[in-house]
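Note sheet for the following structure.
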Amino acid sequence: MNFETFWADLAVTLLGGVVLTFLFFLFRERVFPPFDITGKWYLQMTTESSAYNPYKGMILRYVLVIWREGGCIKGSAEKIYENSSTGEREFIGKSRTRAIINGSLEKNYLSKDRIFLHVVEDGHGRQSTNFYDVVATTKTELAGTFKSMVADQNGRVLIQRAPF
């Protein structure tokens, strides 16, 4: 070890560490920012399988208001539309059911960001639980699957900024 250049080597090493840290921060925040989930969204669920046959093929739509706190997602939703074996109808005012949203954002640098949402809806007669696993397909659209405790439903989900 050469003690004559010790302080110069230490300074260069520290400066290199600071520069490298800044570059990692810059890439994380500017080049690969987390998906912007905050705001108003529209969700459409299409039931593909269910323990209750009349629910197969059912389409439900919700309007969501979501915000992100770090990796945590919170928000609320209201059911606005249903197309099922009992007919097609829109929900307005008092006929809408409300739901609470909790979830998380999984930041992926080598693949698309994933978003997990757990929604508890205060439906007509009882509460129901839905779980969504979606990926960001564009800046204004998410797509994936859902699982519901209501009649053991499973299917596809699409979430987008514009109304359906």
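The values are calculated or read from the model by the stated rules, or taken from the named source; none is laboratory data. This structure is a prediction, so every number in the text was calculated from the model and none was measured. Using ideal geometry, Cβ is built from the backbone for each residue, glycine included, and neighbour counts are taken over all protein chains shown. Heads up: the accessible areas ignore ligands, DNA and RNA and are worked out on the full protein's heavy atoms, side chains in. Shrake-Rupley method; radii C 1.70, N 1.55, O 1.52, S 1.80 Å.
Within the shell defined by Cβ-Cβ distances under 15 Å, the residues around Ile59 carry a net charge of +1, with Lys and Arg each +1 and Asp and Glu each -1.
Annotation: per residue accessible area for the range 33-155 equals 54 Å², rounded to a whole number [probe 1.4 Å, protein chains only].
Partner lysines whose Cα lies under 26 Å from the Cα of Lys107, excluding those fewer than 8 positions away in the same chain, are identified as Lys40, Lys74, Lys139, Lys147. Computed on protein heavy atoms with a 1.4 Å probe, the accessible areas place Glu90, Glu69 in the order Glu90, Glu69, largest first. With mean projected area of the Cα convex hull in nm² in mind, check [x] 10.7; [y] 9.9; [z] 13.1 and report the label derived from this structure. After the calculation, the listed value that fits is [z]. Report, to the nearest 10°, how far helix 6-26 tilts away from the longest principal axis of the Cα atoms in the chain, using its own Cα long axis and a range of 0 to 90°. Long axis of 6-26 versus the principal axis of the chain: about 20 degrees.
These residues, Phe25, Phe35, Phe131, go from largest to smallest accessible area, 1.4 Å probe, as Phe25, Phe131, Phe35.
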